[in-house]
Amino acid sequence: MVDAPLQHGFSPSSSRRSSRQSSSSIQRLSFSQSHRRISAMSAGEGDGLSRQGSTLSRGGNMRGFGVRTSIASELGALMEIDGNQSQNDLEHELREQLRGPLEDVSRQRLRAVRMALRRHGNVDSRISQKDFLTVFQENGIKISSRLLSLLLHRFENQFGVDYENMWKLMYDTQHTTGRDSVMAKNASNENSTADKLDQSFHNSADLKLVERIKTQFAKSGDEFDLEEFRDELKVRDRGHTTTLSKKEMKKAVAEMQVPIYGNVMNALMKRCDDECNGQISWPEFLRFLTAARDSLARGDDGTDLNASGSKLWNIGTSSTRTSTGEEQKKMSTVSSGPRLIEGTPYSESPRPSTPQSLGLKRNSMPSPKASSVSPRKARSMASETLRGYDGSSSGTEDSRKRRGSPIAEETHRAKSPDSLSGSDLEASMTSNNSLASLASKKVATAENSNQNDSPEVKQEEEAKNLTRRESTVTITSVNMSNKDEEAAPKKKGMFGSMKKFFGSKSKPKKEEIPIETIKEPEKPKEPEVPPPDGKPVTVNIRGTDLDVYIPDRYWYKPVNHKYPEHKLSLDWVFGYRGNDCRNNLFPLASGEVVYFTGTVAVMYDHLQCRQRHYVEHTGEIRSIAVHPDKVTVATGQTEVQYDSYSQAHIRIWDSRTLQTQKVLGTGALENAVIALTFSGTLDRLAAIDSSEGHMMSVWDIKSGRKLTEARVDTEVVCQVGFSPRSPDTIVTAGKEHLVWWELGVETGTLQEVARANYDQRYNKAKYIICFVHNERGDLITGDSNGTVFVWGEGGNNITQALKHIHEGPVFSLLMMKNFLLTAGRDGMVFAFPWGKNMEHTGFSASLQVPRVEGGIRMQCVTADGAVLLLGTTVNSILSAGLTSASCPLLGASLDKDVVTQGHFDDVKAICPQPSHAAPGQFVTAGNDGTVCMHDSDSHILQWKFVIKGATIQCADYYHPGSLPRVALGTKDGSVIVLEANDLDEVSEMCRASKIARGRITVIKICPDGDRIAIGCQDGSVQILQLTDYCSKLELLGKCKGHKGAITGLDWSADLPTGGYIIQTSSSQYQHFLWDVDQCVQLTDMAGLRNTEWLTYNCMLGYVVKDIWNAGLDGRDVRTLDRAPNWRHVGTADERGEIHIFTYPCAHKDAQADTYKCHSSQVSCLRFLHDNVHLVTAGGKDTSILLWKIISQ
């Protein structure tokens, strides 16, 4: 009881001690709490308390009052949080700590947090700590370890975290941050509501609609964030068309909880459907919502509803708001700081309700980890301290009367920092220091003039001056000049970061009190040694807990969870969509040819052997057309079932700039766009979708408006085209279908006018597959009988016929130099001289492709007329040089190298060559039984081998230095081993038929090359031995234990147990190690944690444990691979997306770059050993993409 008065400057012999005992105790508590906050802000975490204690002690000794105890210990004790802390103090600190993280969190996101908590919680409103942290991470709410401990201390018990009460506290705290759900505009404009609406809405019907929306807003009382709603609409507008379908708009309104529904919603959507096609213009939709919001915020008479406390529209803080009566008194009390009047101790004022009372940027505040005082609390306290030196509050009558004096006027401005910004705020804060010192000197002078000579009064006045002086020291420490800031070391805490904002140009005059800091020398940190048995880390994947052990190499090394330093760029596309698509290879004016595969439209330059890619599609491209200008291209895609944004549509783009010009048919076309054609003279586009009955629509490509549509009513549609004789005539061909249509633009009709008229001389074919018009307008068709008919002068009667010129259907027709070129499924190309007697003269020349290349789906000639390109039914493109000036095919022969080689069925396997061989080469295989070796540098096919009847599921490549081997696993459980010699001649070495039950999912060759491990669909792992000079395969043993299909398998790079071991992962999230010699499971996972693996394709383990943090499961992650240089790890999923992480991916906040160019699930992903390329296989879209790894 004696030490406390001494600390505050009171004498033990004071005659007034007993009368002020209670006041002194209150003063001691408030004074200690105030200095605790200021010391935490100015000094940071470690040594701030000792510096503050030293400052107070020296300040007390200046007046001759000894200090017997250190205030640092008292302040440190008050900062501790233990069981003795009161409930109110804990609630108060929780609110202060929560304000920072919740400043940028809207009400909608808080509601999403509540829904997520309920989803993870149990019926008793309890949630585990892990799920609680997951919810915060998913919603982007970052909390410090200090705040986490406070929340758990307050809301956690033995049954979990009470998330309902915790969410209520968060909701109440968010109300005080000033981050309101609707950020309305400032209502200071003098125009009335009607005038403001007239500026945007000139139609009386629009004004009435705005009033109806406003009325519905007011009745509902719900809150929503208009900016978040705008962002949501932008995300849903994947095609950047500024339109959304009615279904998507209603879904967005419901998910964002926008209070508009019923007839008003229908009227607004009808108003925003400008083209009456079911597509809502969402910018126009937002314009009406914004007008209604602003009108409601201003009120009918143009006044601000928020001044009267509207509960619906929380506009935020405003320096122009005014109020009277009791409300003015409350506002005055909130905005004023602590009062320092004669004989009155320090006391805390209520916190300001505005989130940024000093106008500071949020980034300038220290994080909760750096200081126990929140940024909001620090700003409030700094404002309170600056406002206390004239002994008055800003809202009282005395302060208003004293504002005539310069000091009072300046002090009044210092007490209203909310009205300042930018340089005014800096100047104001700089002057506040000198004004505070001047005000304290005047108060001291007035007190000294009235003091008596008694020692008690002198001591009491000395105590008052000491209190003011200590407070002044705290304030002046904030306003260091720029010179002092450069000289002094950087300090942590509140004031260390505020110096940038409040630093003055000239150093203010102040009485400096030296601060002594005594630090104990830090002991050198001993390196942490990993435990000999390893440390397990538990990973939870879809409800399954898995223990993985940290390798010693990552025990000392911090894991990098940032985005990878390198990015992916699409370098080359292998393949062509000729197996099930037609009429899809065209020349361009640039000399390139354009075709498609998967979601990519490819432009290939045969002279420079270069590709360019248009990658804006989100689904498989099924059709393509080139405008007569040879520059504009139209491509049509399928809809994506799992993505509601990816509907069937047409994209019109410029082949020179690769810029999209128009997006047509979103919401109007169904399933897929299977046929496209441009008009020869007018800017029109005809399209046919794959809906029931096949709807044909005609579009104006300049305005993007649909002119008309009609049902084709045939089972199969093969081609559509405009007649060159009449721009209003359209021809369609398909199954037993050849029809002429008449387009009525003015009437908006599309009517059938004629059908093919076969006379008795000719047999009617089942399919009319292709057609072409010559310059005169004659129609030439090819059918499934191998016959070519000529329908002269645009009529529907046959004028000439070339019967059965192909063994099988005719797939492509081409007019070139008065010659008709025909191509069919038989792999033959014929050149007929055009004339009246074609059927009698026969063809002049021919060209045949190898049978292994399949039939010819499409043919085209480059712009220079030098090269004939042939697209085949096995998804490859061949080329032939044209040298003859008379007949195109005379002397023509196929080039040795193919333009591109793909697979015509699902691509399942990719295996790169080892680094010591040809590191840029890789093998692909698929369900079509084709095995191809590609080169990533030259993009040339090295060799191709076809295994008839084999459905290949997986492959592995082994190059021992002599003859390379390729091991293949098939769908029926067979294993096939191929061998390639130096001449790229491939042969089958051996085969083990149906050695496994069911499909082989993984196959890997041992580093010694003598053994092969296969993972099967039934969960077993079999070890095979190559015997008799690699001519036989024998079963050594089976490893059983997995409950699901094997998803990954890797051989060890060394001999950790005296021999090679393997690791495997399964679809049931099991991770096992196996001794391949004994075919037994190794249970010592901790002892084998440092094993290095030759490859890493297992989906489980410490180095890849956090690929699952995004909520993925086995249905999403389809394939995984580690880069040979151990820098990256890549994964791919069933939606065609590629994710690249930094290796190892062992951090809960691991970040990944995402890429998408495949329309279906990615079946395989592999890094090449040149460390420059990555290859992905698209599975069902049959595309193979070569990515280049480039520096950022």
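The values are calculated or read from the model by the stated rules, or taken from the named source; none is laboratory data. Source: prediction; values computed, not measured. All Cβ positions, even for glycine, are placed from backbone atoms using ideal geometry, and neighbour counts span all protein chains on display. We work out accessible area using only protein heavy atoms, side chains counted, and drop any ligands, DNA or RNA first. Shrake-Rupley method; radii C 1.70, N 1.55, O 1.52, S 1.80 Å.
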Notebook entry, point to check: Where in region 1035-1064 are there trypsin sites (Lys or Arg not before Pro) that are in a DSSP coil and have at most 16 other Cβ atoms within 10 angstrom of their Cβ?
Noted result: 1040, 1043
Notebook entry, point to check: What length, rounded to one decimal in nm, is gained on full extension from residue 946 through to residue 1125, with 0.36 nm per residue of separation minus their alpha-carbon distance?
Noted result: 61.1 nm
Note to self: Could you tell me the calculated FRET efficiency between residue 692 and residue 749, based on Cβ-Cβ distance and R0 = 30 angstrom, to the nearest 0.05?
What the structure shows: 0.90
Notebook entry, point to check: Over region 1073-1170, what percent of the accessible surface lies on carbon and sulfur atoms, probe 1.4 Å?
Noted result: 42 percent
Margin query: Quick query: amide H of residue 738 versus all other amide H atoms, modeled in the peptide plane; which residues come in under 5 Å with a sequence gap of 5 or more or a different chain?
Written below: 756
Check: In region 662-709, what is the volume of the convex hull around the alpha carbon atoms, normalised per residue and reported in Å³?
Finding: 70 Å³
Margin query: Need one number: the % of Cα-Cα pairs in region 938-1016 sitting beyond the 16 Å mark.
Written below: 50 percent
Item checked: Distance in nm between pseudo-label sites at residue 119 and residue 716 (7 Å out along the Cβ direction from Cα) -> 4.5 nm
Item checked: region 849-893, accessible surface, carbon-and-sulfur percent (1.4 angstrom probe) -> 59 percent
Item checked: Theoretical gain in end-to-end length, residue 1078 to residue 1135 [0.36 nm per residue, Cα-Cα removed] -> 16.5 nm
Next item on the list: Counting only heavy atoms of the protein chains, get the accessible area per residue of region 574-622 (1.4 Å probe) and round it to a whole Å² value.
Entry: 29 Å²
Check: Looking at this model, which pairs from 896/1188; 1004/1043; 250/1148; 562/1105; 971/1032 are more than 25 angstrom apart at the alpha-carbon?
Finding: 896/1188; 250/1148
Next item on the list: Provide, for q = 0.10, 0.17, 0.18 Å⁻¹, the log10 of I(q)/I(0) from a solvent-free Debye sum over equal Cα point scatterers in region 677-775.
Entry: -0.27, -0.75, -0.84
Notebook entry, point to check: If you bin the C-alpha pair distances of region 972-1015 every 5 Å from 0, what whole percents do you get?
Noted result: 6, 18, 24, 24, 18, 8, 2, 0
Check: Hey, rough spin-label estimate for residue 742 and residue 864, points 7 angstrom out along Cα→Cβ, what's it come to in nanometres?
Finding: 4.8 nm
Next item on the list: Tell me the label-point distance for the pair residue 757, residue 215, using the 7 Å Cα-to-Cβ offset, in nm and rounded to one decimal.
Entry: 6.5 nm
Item checked: 1.4 Å probe accessible area per residue over region 837-911, in Å² -> 39 Å²
Next item on the list: Using just the alpha carbons, could you tell me how many Å³ per residue the convex hull of region 911-969 encloses?
Entry: 75 Å³
Check: Can you give the extra length, in nm with one decimal, that the chain gains between residue 240 and residue 533 once fully stretched, where that is 0.36 nm per residue apart less the Cα-Cα distance?
Finding: 99.9 nm
Item checked: Long-range tail of P(r) for region 245-289 (Cα pairs > 16 Å, %) -> 27 percent
Item checked: Computed E for residue 660/residue 247 - FRET, C-beta separation, R0 25 angstrom, nearest 0.05 -> 0.60
Check: Over all Cα pairs of region 783-935, how is the pair count split among 5 Å bins, expressed in % and running from 0 up to the last occupied bin?
Finding: 2, 9, 16, 18, 16, 13, 9, 7, 5, 3, 2, 1, 0, 0
Note to self: Applying a 10 Å radius around every beta-carbon, put 833-839, 224-230 in order of their mean neighbour count, most first.
What the structure shows: 224-230, 833-839
Item checked: For region 730-742, 3J(HN,Hα) per residue [Karplus equation, 6.51 cos²θ - 1.76 cosθ + 1.60, θ = phi - 60°, Hz, x = Gly/Pro] -> 10, 10, 10, 9, x, 6, 6, 9, 8, 10, 9, 10, 10
Check: Can you give the accessible area per residue of region 946-1056, in Å², using a 1.4 Å probe?
Finding: 43 Å²
